[in-house]
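Before any comments, here is the structure.
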């Protein structure tokens, strides 16, 4: 299965994502903010799942870092504040280079499908 790193400043969100992904056989590493992810990120990860609104380094910084250092690793952005100050953060994430973006309200229903799609695309492009 895949090796995934997930970053969110809310421990409960990280735990629920980890539990869901580990129940499917994936290995999950957690990071508490964007800077922590940047310290832990290595080329052997298959997927990054990042919150958008975080202290230290936000989702856009995470996307830029991942795409610059490890462009082969897909980034899935999730955000609870998908619309903040009338800015559609899901659209901003996609425009900023995220491979996919989900609202946290959809995570329980759509995360596994999104992860599967991104891992399948990554696997196909590696061939």
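The values are calculated or read from the model by the stated rules, or taken from the named source; none is laboratory data. Note that the structure is a prediction, hence the values are computed from the model and not measured. In this analysis, Cβ positions are derived from the backbone assuming ideal geometry, glycine residues included, and neighbour counts consider all displayed protein chains.
General observations
- Just one residue in the set 55, 71 is under 19 Å from residue 123 (Cα atoms) and outside any helix (DSSP H, G or I); that residue is 71.
- Within the range 82-99, not a single residue is assigned to a strand (DSSP E or B) and modelled with pLDDT of 95 or more.
- Condition met for residue 76 (at pLDDT below 85, surrounded by 13 or more Cβ atoms within 10 Å (Cβ to Cβ) and either assigned to a helix (DSSP H, G or I) or under 15 Å from the mean Cα position of the chain (by Cα) (or both)): no
- Number of positions in the range 5-16 that are surrounded by 14 or more Cβ atoms within 10 Å (Cβ to Cβ) and under 15 Å from residue 36 (Cβ atoms): 7
- Failed item in (1) surrounded by 13 or more Cβ atoms within 10 Å (Cβ to Cβ); (2) at pLDDT 95 or above, with residue 104 passing the rest: (2)
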